[in-house]
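Only the coordinates and a few stated rules stand behind these numbers; no lab work does. Keep in mind it's a predicted model, so treat the numbers as computed, not measured. Note that we place each Cβ from the backbone using ideal geometry, even for glycine, and neighbour counts take in every protein chain shown.
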Amino acid sequence: MRIPVEKFVFLDRDGVINEDSSEYVKSWDEFHFIPGSLEALQLLNKKGYCVIVITNQSAVGRGMITMKTLMNIHILMRKEIQKAGGKILDVFFCPHRPDENCPCRKPEPGLIFQAREEYGINIPKAVMVGDNAKDIMVGKRAGVGRTVLVMTGCGAKAQNELMNKGTPPDYVAEDLLDAVKWIIGRK
C-alpha cells in the first residue's frame, strides 16, 4: 500500500517509546511509556508524519514470550497511543535471537526495506530514532536521511560506541519529545 506522504519516521520501541528492561518486556504489565513519548507521537502525527516502529524482539526467539503475547503488546501500545492523539502506522519486528543472523535483525536493514516495499517510503527522506547503536547503524545501512539518538534507554552507552566507530547520529536528543521537536524543526 503506497502512502502519499514524504514524511516518515522510524522508531525503535524499547528505550524510545517505552522503558527498556534488561529482563525484556514480556507482558503489557511490564510495558511503561516513557514520559513525553505519547505527546511526541501526537505531535509527529499532527505535523503530518507517518510513524513506523522498527524493533528487535528476541524475547520471542528466546522462548520468553509467545508471538501472540508480542502481538497483544503491540495492539495495546497502539490503542494507548491512539487514545493520546497519535498513531503508529505499522510495527515491523524481528523475533530472532542474535545468533540466528537474521537479515531483518537490527543493525541489518531488512525491517526498513520491508517497510519501504509495503508503503513506498522514500528512505533518504526518512528519519530513524533509537536509543541503541544498532538503531543508528540500521538507519545508516538502509540509507535513511537522518538518524537521531535518544538518551533514554541505552543512549549514553550507544553514544560512546557510535563515536568510537566514527558513525555519530545526526542529532542526540534527551528523549523522544526532544527528538520530535528537532525533526519537525528541520523540515
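Counting only DSSP beta bridges whose two residues both lie in region 8-186, roughly 5 percent are antiparallel.
What is the calculated FRET efficiency for Met71 to Glu100, with r their C-beta to C-beta distance and R₀ = 25 Å, to the nearest 0.05? The computed FRET efficiency comes out at 0.80. Applying a DSSP loop filter and a limit of 14 other Cβ atoms within 10 Å to the trypsin sites (Lys or Arg not before Pro) in region 11-71 leaves Lys47, Arg62. Under a 5 Å amide H cut-off, with hydrogens placed 1.01 Å from N, Met64 pairs with nothing among residues at least 5 apart or on other chains. For region 134-170 and region 61-76, what is the separation of their Cα centres, given in Å? That distance is 26 Å. Computed extension gain for Asn164 through Lys181, at 0.36 nm per residue and net of the alpha carbon distance, reaches 3.4 nm.
When Rg and Dmax are taken over the Cα atoms of region 8-186, they come to 14.8, 42 Å. Per-residue 3J(HN,Hα) values for region 128-139, derived from phi via the Karplus relation 6.51 cos²θ - 1.76 cosθ + 1.60 with θ = phi - 60°, read 10, 10, x, 10, 10, 4, 4, 5, 5, 5, 5, x Hz in sequence order (x marks Gly and Pro). Can you tell which of Ile121, Ile54, Ile65 shows the greatest fluctuation in a Gaussian network model of the chain with Cα springs below 10 Å? Comparing Ile121, Ile54, Ile65 in the GNM, the peak value goes to Ile65.
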